[in-house]
Amino acid sequence: MIKRELIASLANREEGPVTVAGWVEKVRDQRYVQFVVLRDESGAAVQLVNGGVVRELDPNSEDPKDADRHVRTTAISEVATGSFVIVSGELQKNERVKLGGIEVQIDKFEVVTAADPETPVAPDSGIDVRLDWRFLDLRRPEQALIFKIQTTFLQALRNVWVEKGFIEVQTPKLMASASESRAELFQLEYFDTTAYLAQSPQFFKQMAQAAGFGGIFEVGPAFRADPSFTSRHATEFTSVDCEFSWIESHEDVMQLHEELIVAGFTAVKEKHGAEIEKLFGQTLEVPTVPFPRIPLAEAKEIVKERGYEVPRNDADMDPEGERQIHAYVKEKYGHDFVFLTDYATSIRPFYHMRHADNASLTNSYDLIYRGVEISTGAQREHRIAVLEQQTVEKGLDPKEMSFYLDFFRHGVPPHGGFGMGLARVLMLMLEQSSIRETTYLFRGPTRLQP
Ligand code: AMO
């Protein structure tokens, strides 16, 4: 590895020789002195100073330092913003320097790779230009912070799962049939047949229950041929999934779900709380448990009393309904999360278990965070006769589903789980306007590059 120090670590360091490396953010080239702002992946920036600038080398100068200074001065004069450089020099404290009260007096300035003089994107460019130049957009510290937060969040979830003995799986994304419904299904040529891209790991995470794994989790891609351009839909997104056995109802799934959310938020607050405050101007709150739970039918009534009627009676909450129920929960419980429970059978997939005493309702929930759905979870139907019946009722062909139905013919424990959209969680946590900001490389109906 090239020996250098991370810029964020310089604040706590003594004065003395130092080597730093990163990209040039700004150059101020004055007559007798040059200033460079250098930033690296630690997110911090430092001011570099080249004093005693020699613009033209005096051919009679006998001081070898003059030649060095001339080379340095020329390199700095010519360096374009965005170039990656390695710089050695003396770290000095200087209270007048706004950038952390330190600066580096440059001895050696080496341009490793020069950037083009024109930068095609600025922080205030529109989202599409920023996505076209995503690698440059991601150099902004707040953009990189999003993915540091994502790493911490997922690590915390993983710790909870691993602690509980859950197994991590990677389910295939190439499928012979639809994995949710035939809606929003990507189809592709697969040698002499047709394959479909997995809309979720649903069937294969349930398979792990029949395999006797107990509990599993997966963080992986899911694909939906959704032609919409909303702030919360992508055609490819990262789905955080888990599934586990021996549950009594969807209540057990909700309990694990809220435990995971709390662990994730706690870890993010501990590690990044100060940076979130600085770069996003907000204080991250770790939610309290239990999260409020409201049956969907009741939630619709509450929303109606607030003056908004969710369009159709048998329908899911619409986005405005979700915003309204969040406003209610925030006012009443001071909470940003709410589980809407017991969705109607008519709007839930065939694999959801129905209430023992009311077949028109399912043992299911959606988790709403700040007025947006981030997850769906449920207890699954594990009794083959009932499952077959529900398959037919929903208009599916049991023959096409036979690989899945077979999981339930050889013994399977009661089980349930959830799927959660990772970019949605981050969007809402950091109050971003769209999942385009919180997805590393967004995929939508008109975006396949970069
Ligand atoms: P569902 O279809 O509700 O449930 O998806 C689960 C979660 O995935 C996210 N999501 C999306 N994110 C971005 N773009 C999309 N087009 C998109 N579609 C869904 C949402 C959503 O809440 N198998 C079930 C889950 C389960 O029961 O375990 C499922 O896929 O955050």
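The values are calculated or read from the model by the stated rules, or taken from the named source; none is laboratory data. Keep in mind that what you see is a predicted model, and the values were worked out from it rather than measured. In this analysis, Cβ positions are derived from the backbone assuming ideal geometry, glycine residues included, and neighbour counts consider all displayed protein chains. SASA here: full protein model, heavy atoms, side chains in, ligands and nucleic acids out. Shrake-Rupley method; radii C 1.70, N 1.55, O 1.52, S 1.80 Å.
To the nearest 0.05, how large is the calculated FRET efficiency for residue 127 and residue 96 if R₀ is 35 Å and r is the Cβ-Cβ distance? The partial results should precede the final answer.
Working: r = 38 Å, r/R0 = 1.08.
Efficiency for this residue pair is about 0.40.
Among the listed pairs 173/399; 173/205; 304/330; 205/300; 300/330; 26/108, give every one whose C-alpha distance is greater than 23 Å.
On the way: 173/399 21 Å; 173/205 12 Å; 304/330 17 Å; 205/300 31 Å; 300/330 16 Å; 26/108 18 Å.
Long pairs (Cα-Cα over 23 Å): 205/300.
Assign one of three labels to the chain, namely rounded, prolate or oblate, based on the Cα gyration tensor with a ≥ b ≥ c the square roots of its eigenvalues; rounded applies when a/c is under 1.5, prolate when it is not and a/b is larger than b/c, and oblate otherwise.
Working: a/c = 2.69, a/b = 2.30, b/c = 1.17.
Cα axes put the chain in the prolate bin.
Can you give the FRET efficiency to the nearest 0.05 for residue 270 and residue 63, using r as the Cβ-Cβ distance and R₀ = 45 Å?
Values: r = 53 Å, r/R0 = 1.18.
Efficiency, rounded to the nearest 0.05: 0.25.
For the pair residue 282 and residue 304, what calculated FRET efficiency results from E = 1/(1 + (r/R0)^6), where r is the Cβ-Cβ distance and R0 = 30 Å, to the nearest 0.05? Spell out each step's value before the answer.
Working: r = 32 Å, r/R0 = 1.06.
Plugging the Cβ-Cβ distance into 1/(1 + (r/R0)^6) gives 0.40.
So with the 1.4 Å probe, I'd like the accessible area per residue for segment 113-232, rounded to whole Å². Please list the in-between numbers first.
On the way: 6100 Å² over 120 residues.
For segment 113-232, the per-residue accessible area is 51 Å².
Going 7 Å from the Cα of residue 327 toward and past its Cβ, which residues in segment 366-393 have a backbone nitrogen under 17 Å from where you end up?
Backbone N within reach: 369-373.
State to the nearest 20 debye the size of the charge dipole of the chain about its Cα centre, where the only charges are +1 on K and R beta carbons and -1 on D and E beta carbons.
180 debye
Please give the Cα centre distance for segment 279-331 versus segment 15-66, rounded to the nearest Å.
One Cα centre to the other: 55 Å.
For segment 131-136, in order, what is each residue's ³J(HN,Hα) by Karplus, 6.51 cos²θ - 1.76 cosθ + 1.60 with θ = phi - 60°, in whole Hz (x at glycine and Pro)?
My calculation for segment 131-136 gives 6, 4, 10, 4, 5, 7 Hz in order.
DSSP beta bridges in the chain, what fraction antiparallel, as a percent rounded to 5? Mind dumping the intermediate values first?
Numbers: 73 of 81 bridges.
Bridges in the chain are about 90 percent antiparallel.
Restricting to DSSP H runs of at least four residues, report the calculated mean residue ellipticity at 222 nm for the chain, -39500 (n - 2.57) per run over all residues, nearest 500 deg cm²/dmol.
Details: 11 runs with 135 residues, N = 450.
Calculated from helices alone, the mean residue ellipticity at 222 nm is -9500 deg cm²/dmol.
Using 0.36 nm times the number of residues separating residue 356 and residue 402, minus their current alpha carbon distance, what extension gain do you get? Don't skip to the end; give the middle numbers.
On the way: separation 46, 0.36 × 46 = 16.56 nm, distance 2.51 nm.
Extending this stretch completely gives an extra 14.0 nm.
If I stretch the segment between residue 246 and residue 11 completely, what's the gain in nm (0.36 nm per residue apart, minus their alpha carbon distance), one decimal? Don't skip to the end; give the middle numbers.
On the way: separation 235, 0.36 × 235 = 84.60 nm, distance 5.20 nm.
Here the answer is 79.4 nm.
Is the shape of segment 291-450 rounded, prolate or oblate, going by the alpha carbon gyration tensor and its root eigenvalues a ≥ b ≥ c, with a/c under 1.5 for rounded and a/b larger than b/c for prolate? Display every interim value, and only then the final one.
On the way: a/c = 2.12, a/b = 1.34, b/c = 1.58.
It is oblate, given that a/c is not under 1.5 and a/b is not larger than b/c.
Using θ = phi - 60° and the Karplus curve 6.51 cos²θ - 1.76 cosθ + 1.60, what whole-Hz ³J(HN,Hα) does each residue of segment 333-344 get, with Gly and Pro shown as x?
Here the 3J(HN,Hα) series is 10, x, 10, 9, 10, 8, 8, 8, 10, 6, 5, 5 Hz.
Roughly to the nearest percent, how much of the accessible area of segment 80-223 is carbon and sulfur, given a 1.4 Å probe? Intermediate results must be reported in sequence, preceding the final value.
On the way: 4020 of 7410 Å².
About 54 percent, which is the carbon plus sulfur part of the accessible surface.
Go through segment 199-209 residue by residue and turn each phi into a ³J(HN,Hα) via Karplus (6.51, -1.76, 1.60, θ = phi - 60°); whole Hz please, and just put x for glycine and proline.
My calculation for segment 199-209 gives 7, 6, x, 2, 5, 7, 6, 5, 4, 4, 6 Hz in order.
Under a cut-off of 19 Å between alpha-carbon atoms, report the lysines in cross-link reach of residue 271, not counting same-chain residues fewer than 8 places apart.
Qualifying lysines at Cα under 19 Å: 148.
Mind giving me the nanometre distance, one decimal, between the label points for residue 148 and residue 25, set 7 Å out from Cα along Cα→Cβ?
The answer from the label model is 1.2 nm.
Full-extension gain between residue 176 and residue 293, please, as 0.36 nm times their residue separation minus the C-alpha to C-alpha distance.
On the way: separation 117, 0.36 × 117 = 42.12 nm, distance 3.70 nm.
Roughly 38.4 nm would be gained on extension.
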